1. Any residue in the range 97-110 that is basic (Lys, Arg), surrounded by 14 or more Cβ atoms within 10 Å (Cβ to Cβ) and under 16 Å from Asn48 (Cα atoms)?
2. Only one of these conditions is not met by Pro104: (1) part of a helix (DSSP H, G or I); (2) under 17 Å from the mean Cα position of the chain (by Cα); (3) at pLDDT 90 or above. Which number is it?
3. For the range 59-79, enumerate the residues that are within 15 Å of the chain's Cα centre (by Cα) and either buried (at least 16 other Cβ atoms within 10 Å of the Cβ) or closer than 14 Å to Phe135 by Cα (or both).
4. Only residues in the range 69-90 that are touching a residue at least 40 places away in the same chain (Cβ under 8 Å) and under 18 Å from Glu118 (Cβ atoms) count as the first member; pair them with residues that are assigned to a strand (DSSP E or B) and of a type in the set (Lys, Arg), Cβ under 8 angstrom, at least 6 apart or cross-chain, and list the lot.
Amino acid sequence: MARTFRRPRQSHPIAELNVTNLIDLGFTLLIIFMITTQATQEQTIPVNLPSESKSVQQNVDKSAHFVAISIDARGNTYIDENTRPVGMAELRSRLHVYALEPKPPVIRIRGDARVPYEKIVALMDELKKANLLKFTFDTQAASK
């Protein structure tokens, strides 16, 4: 008498999917979107930056938080990606909010090349009043 030792096969669908690759893809796309969003935010306000000669750039602190304040050719002031100009009172209140943060941001001053110097000095004065003493000036490299 012959006996078979095979188990009866059950034909049921696999209920589990391996989604590890999909999660990796999702995180990769998230990182790409985060990087490109930072690069495109500052280009929403059309500002013709002044030129400077090329020089060695200092290394930026990776943990630093930056806030861009743009002044266009007409003298309108914009904060970060906001496309609506802000008045001096709103600028003061926003600067005081930034100053109250545990680690205040570095202010990026993006002044148009044709903006009157008086507007830049007024902005710097407001930064000093709010005790935001770390700021940079955005420029573009001079073309040869």
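The values are calculated or read from the model by the stated rules, or taken from the named source; none is laboratory data. Bear in mind that the values here come from a model prediction, so they are computed numbers and not experimental data. Neighbour counts are summed over all protein chains in view; Cβ atoms, including those assigned to glycine, are modelled from backbone coordinates with ideal geometry.
1. Applying the first criterion (basic (Lys, Arg)) to the range 97-110 yields 103, 108, 110.
Pick out the ones that are also surrounded by 14 or more Cβ atoms within 10 Å (Cβ to Cβ) and you get 108, 110.
Retained after the next criterion (residues that are under 16 Å from Asn48 (Cα atoms)): 108, 110.
Within the range 97-110, one or more residues are basic (Lys, Arg), surrounded by 14 or more Cβ atoms within 10 Å (Cβ to Cβ) and under 16 Å from Asn48 (Cα atoms).
2. All conditions pass for Pro104, except number (1).
3. Val60, Asp61, Ala64, His65, Phe66, Val67, Ala68, Ile69, Ser70, Tyr78, Ile79
4. Short answer, once both residue conditions are applied: Ile69/Arg108; Ile69/Arg110; Ser70/Arg110; Ile71/Arg110.
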